[in-house]
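> One structure is given below, represented as structure tokens, and several questions about it will come after.
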Amino acid sequence: PTSEIVRGSILNIIGSVLMAYVLAWLIGAWALAVGPDVSWFSAGLLVGALVWVGFIVPSFLSGVAYERKSWTIFGINAVFQLISTVVMALIIAFWQVG
């Protein structure tokens with residue numbers, strides 16, 4: 001049991017670092033495309049929400065479709081990921097743009 005917790009934690013950290021790297025890249029690209037008038041808040045909010053809608057929600061929908069997970073579990077997981085992705089994107093945008 002302890003080794004499973006350690007393994008899960010390590011994989012979670014790796015996934016979070018990968019997500020932060022991609023969010024940082026996307027926020028930088030968005031800020032470059034929009035120009036100097038972009039605010040850190042709008043960049044973080046938009047990129048975080050788009051990543052959530054485009055990548056996270058579809059992967060959770062496959063859980064409902066193929067793994068027979070309930071819509072309640074989908075909703076709980078989706079809202080948690082929305083909050084964490086947008087907060088992560090806002091922090092990164094504040095560092096990069098703000």
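> List the DSSP H helices in the chain whose Cα atoms stretch 20 Å or more along the helix axis and whose mean Kyte-Doolittle hydropathy is at least -0.5.
Numbers: long enough: 2-34 (47 Å, 1.52); 71-96 (36 Å, 1.67).
Going by DSSP H runs, the hits are 2-34, 71-96.
> Evaluate the distance, in nm, between pseudo-label points positioned 7 Å from the Cα of Ser9 and of Ala49 along their respective Cα→Cβ axes.
Here the answer is 3.6 nm between the modelled labels.
> How far apart, in nanometres, would the label points at Ser16 and Trp95 be if each is projected 7 angstrom from Cα along the Cα-to-Cβ direction?
1.3
> Accessible surface of Ile10 in the full protein assembly, 1.4 angstrom probe, to the nearest 10 Å²?
Rounded to the nearest 10, the figure is 90 Å².
The values are calculated or read from the model by the stated rules, or taken from the named source; none is laboratory data. Quick caveat, the model's predicted, so the values are computed rather than measured. Don't worry about glycine lacking a Cβ; one is built from the backbone with ideal geometry, like all the others, and counts go over all protein chains shown. To get the accessible areas, we keep the full protein, side chains included, count just its heavy atoms, and leave off ligands, DNA and RNA. Shrake-Rupley method; radii C 1.70, N 1.55, O 1.52, S 1.80 Å.
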